[in-house]
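Structure record follows, encoded as structure tokens.
What follows is calculated from the coordinates using simple rules that are stated; it is not laboratory data. None of these values were measured; they are calculated from a predicted model. Because the Cβ atoms are built from the backbone with ideal geometry, glycine has one as well, and the counts that use them run over all protein chains shown.
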Amino acid sequence: MTQDPGSPGMQAAAQFDELGTAYDTFSRSPFRRYLEFPTVLSRLGDVTGLAVLDVGCGSGVYTRLVKQRGASRAVGLDLTPGMIEHARTIEENQPLGTEYLAGPLPEELDGVFDVVLAVYVLPYVPDHTELEGFCLQAARALRPGGRLLALPANPGLRRERDYYERYGFRTHGESSGKDPDPVTLDLVYDDLDETIAAWTWSTGALETALSRAGFTGITWDGPLVTDSGIEALGKAFWKPYLDCPHALTLRAHL
């Protein structure tokens, strides 16, 4: 398979090849159920009747969520064959009408989508060339007036090893002070214990790359916690994350 200039590099993507089940396990965590999913879906807005491309779809969690929320078409795209195989198996067993593609975006899908969703994709883009490639691919996939929602790493995230541990993961490693800035991510929810190499990007670097690809109206937002999440775990549980989230919501449109 050839490397897609709009997706994380082969080396970065290879670390996810066997993690489909692990990602599904993490999807059951309170962090994702009470904070991440509600945040992304709230910022995404109504997708009824829209065509949505889920770039870096992984095990297909968001591809399925947008389809369940009324998207007319939900396509998951990922460079990692193992993840795509896992997502297709779920679709076969629990049919929703989602589609999954491994590798680059096919030319026949240029300009097809109303929305491009990219959750935790940018943290695995390791250099400026691939960052610009990702932005160009997102623009190529969208119809005029289409929009992008991404969840990049917060460049100011905390690197104390245990700061985010209560939420099911750890971030650690010395900051280089450069773009991109490497950070190590450990997923440590339930019996899950996986380590992943990632990068943070400054807001300036991301905005520049998006602007060069034709995006405008770039906005940043922090996370939301549901009332049920506060009721279940209390405000004190969520406060450290809300004070310094490890990821932010980025929105832009063509």
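Identify the GluC sites (Glu not before Pro) of the stretch 161-219 meeting these criteria: DSSP loop state and at most 11 other C-beta atoms within 10 Å of the C-beta.
Filter output for the stretch 161-219: E174.
Need the C-alpha centroid separation for the stretch 107-149 versus the stretch 162-240, integer Å.
Here the answer is 19 Å between Cα centres.
What's the extension gain from T219 to T203 if we count 0.36 nm per residue and subtract their Cα-Cα distance?
Residue separation times 0.36 nm, minus the Cα-Cα distance, leaves 4.7 nm.
All other residues with a Cβ under 15 Å from the Cβ of W238 taken together, and with Lys, Arg as +1 and Asp, Glu as -1, what is their net charge?
With Lys, Arg at +1 and Asp, Glu at -1, the neighbours total +1.
Which residues' amide hydrogens lie under 5 Å from the amide hydrogen of Y163, considering only partners 5 or more residues apart or on another chain, with H built in the peptide plane?
Sorted by chain and number, the residues that satisfy this are T171.
Would you mind telling me which residue in G45, G111, G97 has the biggest mean-square fluctuation in a Gaussian network model of the chain, where springs connect alpha carbons within a distance under 10 angstrom?
Per the Cα network of the chain with a 10 Å cutoff, G45 tops the list.
For n ≥ 4 DSSP H runs only, could you compute -39500 (n - 2.57) per run for the chain, divide by its residues and tell me the 222 nm figure to the nearest 500?
Using -39500 (n - 2.57) per qualifying helix, the result is -9000 deg cm²/dmol.
What does the convex hull of the alpha-carbon atoms of the chain project to on average, in nm²?
12.6 nm²
Along each of the three principal axes of the Cα atoms of the stretch 45-135, give the extent in whole Å, ordering the values from largest to smallest.
The principal-axis extents, from largest down, are 37, 27, 24 Å.
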